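Here, each number is a calculation from the coordinates, and none is a lab measurement. Nothing here was measured: the structure is a model prediction, and the numbers come from that model. In this analysis, Cβ positions are derived from the backbone assuming ideal geometry, glycine residues included, and neighbour counts consider all displayed protein chains.
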Amino acid sequence: MSAAALHDSPGFADAAAAPFNTLLDAMRAELAALDTGDATTIELATRAKLAALVVARDAGPAPRARLAEARDLNALASARVNMLMASVGRRLETLAAASGRPANLIYGRNGHHELRA
């Protein structure tokens, strides 16, 4: 069997895609963890995603469909992290105001809000 025929066989495609499928599953688990808002759950899911990313990177070229899905999942995770950060910022503002010291809200170098006492 030629290398091209082997590469196009369904078994090879399944085996080659396995690390990327694992990565996509880890990315979905991280999204679910972000929805919980629990720091420990998020940290564990992120570590699992990073481990799966290393395995997928070392496995060779990714199937295009898997790359597109990973990009979309990464964009969702980024949006959820931004929402969590905005929520934390609002809570910090509320706590600062409740303590009698209104916080000074400024924009940091990265364009995100920062609170300064």
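Miscellaneous remarks
- Near pairs, Cβ below 9 angstrom, 6+ apart or cross-chain, from the range 57-72 (of a type outside the set (S, T, N, Q)) to any residue that is surrounded by fewer than 10 Cβ atoms within 10 Å (Cβ to Cβ) and in a helix (DSSP H, G or I): none
- Sole residue being part of a helix (DSSP H, G or I), within 22 Å of residue 82 (Cα to Cα), in contact with a helix residue (DSSP H, G or I) (Cβ under 7 Å, 6 or more places away or on another chain) and among the hydrophobic types (A, V, I, L, M, F, W, C), chosen from 48, 52, 56: 48
- Qualifying residue in the range 19-31 (condition: under 18 Å from residue 84 (Cβ atoms), surrounded by fewer than 19 Cβ atoms within 10 Å (Cβ to Cβ) and among the charged types (D, E, K, R)): yes
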